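Notes for the one structure printed next.
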Amino acid sequence: MTLKIISTTEVVYEGQVTMVTLPGTMGSFTVLHNHASLISTLTPGNIAYREADGKEGSFPVKGGIADVDNNVISVCVY
């Protein structure tokens, strides 16, 4: 899967991942390979991800919107 985290000024992260956990408005949720398409608003929290090589990372967000479609997770954050 491809994760793209984009702010108003730059591409914060773009890479291949095996898992992403996002702070959704209705509660946090995890996206895995072949997840159903969805769009969700995000609340303050952390986006956590695991890269293909097993390395884990996270990125704090104040809010935003996430789009999951065809194994691409696009996240616009502020």
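Among the protein heavy atoms, those of residue 25 account for about 80 Å² of accessible surface (1.4 Å probe, every chain in place). Rounded to the nearest Hz, the phi-derived 3J(HN,Hα) couplings of the range 50-60 under the Karplus curve 6.51 cos²θ - 1.76 cosθ + 1.60 (θ = phi - 60°) are 10, 6, 4, 8, x, 5, 10, x, 8, 9, x, where x marks glycine and proline. In order along the range 18-32, phi translates into HN-Hα couplings of 10, 7, 9, 10, 10, x, x, 4, 8, x, 5, 9, 10, 10, 10 Hz, rounded to whole numbers, per the Karplus curve 6.51 cos²θ - 1.76 cosθ + 1.60 with θ = phi - 60° and x for Gly and Pro.
Stokes-Einstein diffusion of the chain at 20 °C, 1.002 mPa s viscosity, Kirkwood radius from Cα pairs, rounded to a whole number: 177 µm²/s.
Nonpolar atom fraction for the chain, defined as the carbon and sulfur part of the 1.4 Å probe accessible area, stands at 55 percent.
With a 1.4 Å probe and all protein chains left in place, how much accessible area per residue does the chain have, in Å²?
For the chain, the per-residue accessible area is 58 Å².
The GluC sites (Glu not before Pro) of the chain that meet both conditions, a loop assignment by DSSP and at most 11 other Cβ atoms within 10 Å of the site Cβ, are 10.
Sparse packing (at most 14 other Cβ atoms within 10 Å of the Cβ) combined with a DSSP loop state is found for the following trypsin sites (Lys or Arg not before Pro) in the range 27-78: 55, 62. Under the simplified labelling scheme, the residue 58-residue 10 pair shows an inter-label distance of 2.2 nm, with each label point 7 Å from Cα along Cα→Cβ. Amide hydrogen proximity for residue 15: with H placed 1.01 Å from N in the peptide plane, the residues at 5 or more positions away or on another chain lying under 5 Å are 3.
The values are calculated or read from the model by the stated rules, or taken from the named source; none is laboratory data. This is a predicted model, so every value here is computed, not measured. In this analysis, Cβ positions are derived from the backbone assuming ideal geometry, glycine residues included, and neighbour counts consider all displayed protein chains. With ligands, DNA and RNA removed, areas are computed over all heavy atoms of the protein, side chains included. Shrake-Rupley method; radii C 1.70, N 1.55, O 1.52, S 1.80 Å.
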